[in-house]
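The values are calculated or read from the model by the stated rules, or taken from the named source; none is laboratory data. Just so we're clear, the structure is a prediction, and the values are computed from it rather than from any experiment. Cβ sites come from the backbone with ideal geometry, for glycine too, and all protein chains shown count toward neighbours. Note: accessible area is taken over every heavy atom of the protein model, side chains too, but ligands, DNA and RNA are not part of it. Shrake-Rupley method; radii C 1.70, N 1.55, O 1.52, S 1.80 Å.
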Amino acid sequence: GDLDIKPRGSFKDWKNDVENLILGNAPIETVVVIALSAVLIGYYRGVKDVTNAVVHIGGDSTSGKSSALEAGIATTGNPSLQAEGLCKSWAATDNAVIDSLDSLFGVPVGRDELSLNESKNLSQLIYQLSMGRSRERLGKNCESVATKFFTTVLLSTGETGILSRCSGNTGLNIRVIE
């Protein structure tokens, strides 16, 4: 597809960066390990009924949320917020968020700064993200629109919790890690 997941640099340089910049920083270590789990989720999705992970990193401005997000996404591709990068802004409709994941399997993605999203209630979006599929729907002429499928770990950032933007459904608490 259009996403930038091609290798850059050498494994030696990446390993050196991990050892010098990430190891010893428990929050960033955790985000990197969670991002790498996207590969396992992608693999096991074809074998077992595994759901996607949605992990939200909350905190005050300038607390390192976006840097942690980028470190996690950089394990498999370009963490840029540009069109081809694996990180996107939360300034998107629910349908655009799901559409951006179509046919993505085993690669982590990021959404930065939840306050940019105008949806009042993110419950349906969270359910779709964890299930790895779009809603079934009809087009303007009552024809079926193809369902979008994906397997990923979604890393999210924001100054507020993502569950605070959802209904009180208990099922959401097992679908989101905050």
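Numbers at a glance
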{"item": "Residue check, Ser156 under 22 Å from Ile34 (Cα atoms) and outside any helix (DSSP H, G or I)", "result": "yes"}
{"item": "Residue check for Gly110: touching a Phe, Trp or Tyr at 6+ places or on another chain (Cβ under 8 Å), within 22 Å of Thr62 (Cα to Cα), crowded, with 19+ Cβ neighbours inside 10 Å and of a type in the set (Gly, Ala, Ser)", "result": "no"}
{"item": "Cβ pairs under 7 Å, 6+ apart, first in the stretch 89-106 and at negative phi, second aliphatic (A, V, I, L, M) and surrounded by fewer than 18 Cβ atoms within 10 Å (Cβ to Cβ)", "result": "Ser89/Leu81; Ser89/Leu116; Trp90/Leu116; Ala91/Leu116"}
{"item": "The stretch 20-45 - residue that is hydroxyl-bearing (Ser, Thr, Tyr) and farther than 15 Å from Ile57 by Cα and, of those, most open to solvent (accessible area, probe 1.4 Å)", "result": "Tyr43"}
{"item": "Selection within the stretch 119-174 - of a type in the set (Phe, Trp, Tyr) and open to solvent by less than 10 Å² (accessible area, probe 1.4 Å)", "result": "Phe150"}
